[in-house]
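Read the structure below first, then the notes.
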Amino acid sequence: MTSGTDDYVYDEATGEWRPAGEMAAVATRAVRDAAGNLLSDGDAVTLIKDLKVKGANQTLKQGTVIRSIRLTDRDDEIDCRHDTIKGLVLRTEFVRKR
């Protein structure tokens, strides 16, 4: 027997099983990049300025492409991965949809 909190939905954009409530909340939000383009899970974005990454002693350069983003519970942040940095969270004001 399962309750509503135990239901999971397969997210084709990320290839992961995610809680159904989380997927429903993400689907109803409008997350936009610096240019006002609508972002969704699985999109690729480009950095519009150089960003120093805290804790990694590394700078991501303007024009760097970040693939397979994931929306977070905040409208101004996205979760993503870079080749050298795992668990990267970027603010949407510094990215543009590709």
Selection count where residues are surrounded by 12 or more Cβ atoms within 10 Å (Cβ to Cβ) and under 26 Å from Gly21 (Cβ atoms), scope the stretch 68-88
13
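For every residue, the table says whether it meets (1) at pLDDT below 85; (2) among the aliphatic types (A, V, I, L, M); (3) more than 14 Å from the chain's Cα centre (by Cα).
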| residue | (1), (2), (3) |
| --- | --- |
| Thr2 | yes, no, yes |
| Thr5 | yes, no, yes |
| Ala20 | yes, yes, yes |
| Ala24 | yes, yes, yes |
| Ala27 | yes, yes, no |
| Gly63 | no, no, yes |
| Asp79 | no, no, no |
Pairs, first under 17 Å from Lys61 (Cβ atoms) in the stretch 82-98, second surrounded by fewer than 11 Cβ atoms within 10 Å (Cβ to Cβ) and small (Gly, Ala, Ser), C-beta under 6 Å, six or more apart
Arg96/Ala35
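The values are calculated or read from the model by the stated rules, or taken from the named source; none is laboratory data. Computed from a prediction, not measured in an experiment: that's the story for all the values here. Counting neighbours? That spans all protein chains shown, and the Cβs are built from the backbone with ideal geometry, glycine included.
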